[in-house]
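The values are calculated or read from the model by the stated rules, or taken from the named source; none is laboratory data. What you are looking at is a predicted structure, and each value in this text was computed from that prediction instead of being measured. We work out accessible area using only protein heavy atoms, side chains counted, and drop any ligands, DNA or RNA first. Shrake-Rupley method; radii C 1.70, N 1.55, O 1.52, S 1.80 Å.
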Amino acid sequence: MKQMDYFEQFDPPVLNEAMLQRALERRTVRRHTVLLALAGALLQIAAVLFAVLVRAWYPVLSLAVMCSPILSTVGGGVIIILYVQRGGADYDYGA
């Protein structure tokens, strides 16, 4: 059988506990960020549904509640656009 990889030619990459901890922390922060974004989206959906349900009884309150998720989504979109235009951020956690 033909050998495809030559493991003795190169030294393995340096890997220590601090690097593994940083990777684990980055993964945890990413997971928390996704959960937070999902919770915010669900809260906005709930606010819109509440506004639709109370529209007949409280039209002014319904309008105010309906504007809140719209403004929040527009603001989040602006923040995302600015973040992407600046190239994002590369934070080194724990350094």
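Assorted remarks:
- Leading residue by the ranking (most open to solvent (accessible area, probe 1.4 Å)) among those in the range 32-53 that are more than 8 Å from the chain's Cα centre (by Cα) and not aliphatic (A, V, I, L, M): Phe50
- Residue match in the range 82-89 (condition: of a type in the set (Ser, Thr, Tyr) and within 29 Å of the chain's Cα centre (by Cα)): yes
- Scanning the range 54-73 for residues that are part of a helix (DSSP H, G or I) and open to solvent by 90 Å² or more (accessible area, probe 1.4 Å) returns Val60, Leu63, Ile70, Leu71.
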